[in-house]
Amino acid sequence: MKKSILILLFSFFPVVVFAAGSDQERPHWSLEIKGGRFYPDISNWSTYYGKDYTGEYAGSLAYKITRQIEVGIQGGYIKDNGEALAPLHGITAGSVTYELAPVNAFVLVRGVFSEKQLLVPYIGGGWTRIYYKEELQSQSTARGTADGYHGRGGLQMLLDRIDQSASTSLYEDIGVFHTYLFVEVEYTHAMANTNTGGSVNLGGSSWLAGLLFEF
């Protein structure tokens, strides 16, 4: 009986070693750099700001708990200039500068099952805090924070195959396993109180594209 157990353990040992080695060879971190359009969830935005969207830029860093599941943090920046609406003041005004800096803590699931997989879908979400500032020309400034939530999903495409030598160099020089191009949509909801006693959702929908580096 003991002999059978020993044989079984020694037979299983190479599998354990192989699994440990494979885990060391897989990426453990994700770095995203992205930008695109943010569509505020504020009615009549285009009437006062000229269009129904503004620019958004963001970056994130996440740790991979497993190859498919990761947790991380993301920071972004949104800014627009208008000529009438001051949503946080709850009034119409003159020239207005509107700035948002959303910070997200998230859990993300990527549908990756092979290191050579060309297309990888993903979905995630979590907690959001938005730092806001609204400045009226020659008048008062409203600033503060609003807490809420966000959800996002997208599709990433592996770029390693385009230039294999460059991909190999990235791994050897700085430890980047894979580079992806991705597109995603994100929805954010975070309510802030206005100066008139009401509330406004500082979130909205984002359509973004960027590069993902796994290392």
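The values are calculated or read from the model by the stated rules, or taken from the named source; none is laboratory data. Only a predicted model underlies this, so the values are computations on that prediction, with no experimental measurement involved. Please note: Cβ atoms are built from the backbone with ideal geometry, for glycine as well, and neighbour counts cover all protein chains shown.
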Report yes if some residue within the stretch 139-146 is charged (D, E, K, R) and either within 26 Å of Glu83 (Cα to Cα) or surrounded by 15 or more Cβ atoms within 10 Å (Cβ to Cβ) (or both); otherwise report no. yes
Condition broken by Asp160, with the remaining ones in (1) surrounded by 15 or more Cβ atoms within 10 Å (Cβ to Cβ); (2) modelled with pLDDT under 95; (3) part of a strand (DSSP E or B) satisfied: (3)
Just name the residue that is farthest from Thr97 (Cα to Cα) out of those in the stretch 126-138 that are surrounded by fewer than 19 Cβ atoms within 10 Å (Cβ to Cβ) and modelled with pLDDT of 95 or more. Gly126
Residue selected from the stretch 188-213 under the condition closer than 21 Å to Gly59 by Cα and either modelled with pLDDT under 90 or among the small types (Gly, Ala, Ser) (or both), by the criterion surrounded by the most Cβ atoms within 10 Å (Cβ to Cβ): Gly203
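Residues are listed down the side, and each one gets a yes or a no for (1) touching a strand residue (DSSP E or B) at 6+ places or on another chain (Cβ under 6 Å); (2) closer than 28 Å to Glu25 by Cβ; (3) modelled with pLDDT under 95; (4) in a strand (DSSP E or B):
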site	(1), (2), (3), (4)
Lys51	no, no, yes, no
Ala58	yes, no, no, yes
Leu61	yes, yes, no, yes
Gln74	yes, yes, no, yes
Val103	yes, no, no, yes
Val112	yes, yes, no, no
Kindly indicate the residue of the stretch 29-49 that is surrounded by fewer than 18 Cβ atoms within 10 Å (Cβ to Cβ) and assigned to a helix (DSSP H, G or I) and also nearest to the chain's Cα centre (by Cα) among those meeting that condition. Ser46
For Ile162: the one exception among (1) in contact with a strand residue (DSSP E or B) (Cβ under 6 Å, 6 or more places away or on another chain); (2) β-branched (Val, Ile, Thr); (3) without any contact (Cβ under 8 Å) to a residue 60 or more places away in the chain: (1)
List pairs: first in the stretch 114-137 and within 23 Å of Gln156 (Cβ to Cβ) and of a type in the set (Asp, Glu), second at pLDDT 95 or above and assigned to a strand (DSSP E or B), Cβ under 8 Å, 6+ apart or cross-chain? Glu115/His178
Search the stretch 171-187 for residues being surrounded by 14 or more Cβ atoms within 10 Å (Cβ to Cβ) and in contact (Cβ under 8 Å) with a residue 40 or more places away in the chain, and hand back the single one that is farthest from Lys116 (Cα to Cα). Glu184
Going by the structure shown, is Asp160 among the charged types (D, E, K, R), touching a helix residue (DSSP H, G or I) at 6+ places or on another chain (Cβ under 6 Å) and more than 30 Å from Gly203 (Cα to Cα)? yes
Just give me the residues in the stretch 147-157 being of a type in the set (D, E, K, R) and crowded, with 18+ Cβ neighbours inside 10 Å, in sequence order. Arg152
